[in-house]
There are 2 protein chains.
Amino acid sequence: MIMEKGISSVEVLPSKSSQVTAVKVVVKEPEAKQTQRGKRVGFVLVHAGAGYHSESKAKEYKHVCKRACQKAIEKLQAGALATDAVTAALIELEDSPFTNAGLGSNLNLLGEIECDASIMDGKSLNFGAVGALSGFSLAAFKRNKRKLELAEKVETDLIQLKKRRQSNEKENDSGTLDTVGAVVVDQEGNVAAAVSSGGLALKHPGRVGQAALYGCGCWAENTGAHTPYSTAVSTSGCGEHLVRTILARECSCALQTEDAHQALLETMQNKFIGSPFLANEDGVLGGVIVLRSCRCSAEPESSQEKPTLLVEFLWSHTTESMCVGYMSAQDGKAKTHISRLPPGAVAGQSVAIEGGVCRLESPESS
Amino acid sequence: MIMEKGISSVEVLPSKSSQVTAVKVVVKEPEAKQTQRGKRVGFVLVHAGAGYHSESKAKEYKHVCKRACQKAIEKLQAGALATDAVTAALIELEDSPFTNAGLGSNLNLLGEIECDASIMDGKSLNFGAVGALSGFSLAAFKRNKRKLELAEKVETDLIQLKKRRQSNEKENDSGTLDTVGAVVVDQEGNVAAAVSSGGLALKHPGRVGQAALYGCGCWAENTGAHTPYSTAVSTSGCGEHLVRTILARECSCALQTEDAHQALLETMQNKFIGSPFLANEDGVLGGVIVLRSCRCSAEPESSQEKPTLLVEFLWSHTTESMCVGYMSAQDGKAKTHISRLPPGAVAGQSVAIEGGVCRLESPESS
């Protein structure tokens with residue numbers, strides 16, 4: 001049996017700082033849905049960057065997110081662990097011509113393709129990162145051979161792109177549309193997170209971006225002695241802001257308190273926008289997707305031994321917009337959404353936050 | 001007027017884990033010393049790595065630390081800020097043939113010299129890092145021109161060294177003798193921290209070590225709204241262990257509680273040796289130097305308006321040994337010390353901790 005999550009009404013909250021506006025989403029109680037016997041459960045949430053997503057390309061961004069969700073769910077249904085599913089989602093997100101991470105990432109000043117990426121497995125707490133010239137990250141994340149051959153051709157195209165960029169105005173204000181990421185929980189309750197970034201256009205050669213840095217680009221941690229919840233986080237935005245606030249890990253820590261929504265909102269306000277390490281910045285630009293899960297019984301009155309997994313998922317951003325997609329193994333297709341700051345809210349000084357809840361029940365038990 | 005610090009008796013403490021042994025140093029009350037009018041005050045603490053320091057080279061390691069302390073104090077007495085003084089100490093530490101950081105750092109698998117380094121200024125909270133091929137870090141840290149010319153010659157020598165290393169047994173067990181660092185507090189109470197590392201011998205090309213990673217290699221934070229103390233930290237040891245525990249920042253946070261000694265000991269035991277992120281490691285190898293300062297009156301009964309700076313300084317390590325040096329602007333020369341685990345204590349599972357206290361009084365006020 002599986003369940004549903006709801007994103008419903010939006011209300012604007014006044015916050016501590018007069019410049020900060022928060023969008024609160026009232027989350028509906030999860031409904032129960034019938035699921036097929038023997039099918040595996042799991043949940044994925046992906047992002048195609050926090051930055052500015054134009055209306056004209058909204059369809060394409062959403063499509064990328066949708067496909068990434070489907071790839072992850074296929075993996076989960078085939079019995080893959082969270083880490084494999086999150087990798088599948090990441091590769092799909094990187095593949096798109098509409099995202100600029102991974103293979104299609106930005107060039108450095110020498111004209112070389114550079115990208116940063118990392119994956120964290122919540123069970124083993126292993127963290128794998130690459131911040132390297134083209135080719136390296138692909139091998140690391142088990143891309144197929146065709147991709148490696150494609151790389152050289154793409155490189156030629158990108159040299160052209162570089163020239164175009166140099167002559168153009170800045171393509172987007174924050175330079176942050178180049179990051180993609182995903183978080184996953186599998187049937188066993190294991191979590192995993194991944195992120196991939198092209199970083200800044202024409203970056204300094206050798207620059208290691210937030211996506212490859214421990215605690216900054218992604219974080220995943222299964223429930224443990226000191227952690228009642230399993231948590232997974234993937235970030236996007238201005239690399240320096242994400243690094244100086246070690247944002248992924250900070251969100252994961254905060255999510256160990258009872259109210260996930262409140263914890264994330266406070267983190268974005270006090271530890272991100274209000275961070276003393278970013279006091280000199282005009283605006284603080286970033287976004288996160290988070291997922292947390294715990295085993296619990298949805299119906300306390302029923303004493304049946306159902307291994308139920310409650311999954312709470314949220315996204316929050318201080319940028320103009322953030323594109324997300326999510327799907328549970330029981331859904332026929334992914335839901336996608338471009339979250340935008342409310343009219344009048346100033347990017348870099350305001351926070352939007354939305355999310356939902358989803359209950360996963362192991363089908364074997366029904 | 002300046003002060004003294006005392007390292008005195010050593011006692012072995014039982015700790016929570018049966019495998020952890022702590023060496024506690026009873027710190028003597030600081031004594032007051034007469035200082036010259038018009039001379040500036042300040043304090044520096046440096047390290048030449050946490051790892052294994054052979055008795056046969058002890059003199060050389062100590063000498064390096066001594067010179068680095070003197071360079072920093074010269075800067076402070078000339079009116080330099082903490083960041084400039086810490087940079088001067090770092091360059092001196094890197095210069096030695098007995099340390100393997102900076103210019104003399106390890107080679108990567110391609111035979112290129114690679115080093116990682118970072119400096120953090122507690123006042124601006126600026127963090128500057130380089131993790132790069134030879135030449136880059138030198139320029140970044142304003143090395144003199146002669147050094148840059150030397151680099152090419154040294155490179156040739158290092159190719160020889162590489163070959164020797166490949167044919168030799170591992171030179172030291174933990175591979176961690178290659179890191180140097182310093183922490184400084186200046187007359188105004190500003191703190192700064194620095195670290196430089198050669199990383200692993202024959203490392204993967206492009207590997208970014210702990211010394212260049214935010215929160216891992218060094219940390220400095222002046223007193224602020226939420227931070228009663230100014231703190232500065234520099235680390236050494238196994239890079240992966242320092243990164244996975246974000247050790248420098250973790251120590252800095254812990255030092256905001258009242259008892260600095262207890263806070264550091266608990267951090268080393270619970271957040272380093274006992275870290276869930278290092279649960280699969282046989283031993284957890286690292287060392288830190290920390291400094292914290294606050295403005296306070298040493299003699300509460302006297303109502304004189306003396307701007308007194310109380311400086312507590314500590315070093316702690318889980319490695320066999322750690323080489324440190326320290327000096328205040330009032331001292332004629334630096335004190336140096338090679339701290340070793342007590343006999344029978346197992347490296348990677350035991351903690352040694354030592355330190356002292358020092359009071360800096362602005363000479364203008366006497």
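The values are calculated or read from the model by the stated rules, or taken from the named source; none is laboratory data. What you are looking at is a predicted structure, and each value in this text was computed from that prediction instead of being measured. Using ideal geometry, Cβ is built from the backbone for each residue, glycine included, and neighbour counts are taken over all protein chains shown. Protein only, heavy atoms only, side chains kept; ligands, DNA and RNA dropped before computing areas. Shrake-Rupley method; radii C 1.70, N 1.55, O 1.52, S 1.80 Å.
A few points about this structure:
- Each peptide in A:350-361, A:255-266 receives the mean, over its residues, of other Cβ atoms within 10 Å, and ordering these scores from highest gives A:350-361, A:255-266.
- Rotation relating A and B, chain B residue nearest the axis via C-beta, angstrom: B:Val208, 3
- Working from the Cα coordinates of the range B:192-329, the gyration tensor eigenvalues give, after taking √(5λ), semi-axes of 31, 16, 13 Å in decreasing order.
- Among the listed pairs A:Lys62/A:Lys271; A:Lys59/A:Lys333; B:Lys203/B:Lys271; A:Lys123/A:Lys271; B:Lys59/B:Lys271, a Cα-Cα separation exceeding 22 Å is found for A:Lys62/A:Lys271; B:Lys203/B:Lys271; A:Lys123/A:Lys271; B:Lys59/B:Lys271.
- For the range A:249-294, projected area of the alpha-carbon convex hull averaged over all directions, nm²: 3.3 nm²
- In order along the range A:260-275, phi translates into HN-Hα couplings of 4, 4, 5, 4, 5, 4, 5, 5, 5, 6, 8, 9, 10, 4, x, 4 Hz, rounded to whole numbers, per the Karplus curve 6.51 cos²θ - 1.76 cosθ + 1.60 with θ = phi - 60° and x for Gly and Pro.
- Solvent-accessible area assigned to carbon and sulfur over the range A:227-285 amounts to 47 percent, based on a 1.4 Å probe.
- Other protein chain Cβ atoms within 10 Å, averaged over every residue that makes up A:314-327: 0
- Packing-based ranking, highest mean first, of B:83-96, A:206-219, A:60-73 given that Cβ atoms within 10 Å are counted: A:206-219, B:83-96, A:60-73
- Note on B:Ser124 and B:Glu188: the extension gain reaches 21.7 nm, defined as 0.36 nm multiplied by sequence separation minus the Cα-Cα distance.
- When restricted to Cα atoms, the range A:220-283 yields an Rg and a Dmax of 12.4, 40 Å, respectively.
- Extreme residue, positive dipole direction of the range B:241-361, given options B:Val351, B:Ala260, B:Met327 (C-beta unit charges): B:Met327
- Taking amide hydrogens as placed 1.01 Å from N in the peptide plane, the amide H of A:Ala345 sits under 5 Å from that of no residue at least 5 positions away in sequence or on another chain.
- Shielding value for B:238-245 is 2, the average number of Cβ atoms from other chains within 10 Å of each residue's Cβ.
- Summed over both chains, the contact between A and B buries some 1700 Å² of accessible surface at a probe radius of 1.4 Å.
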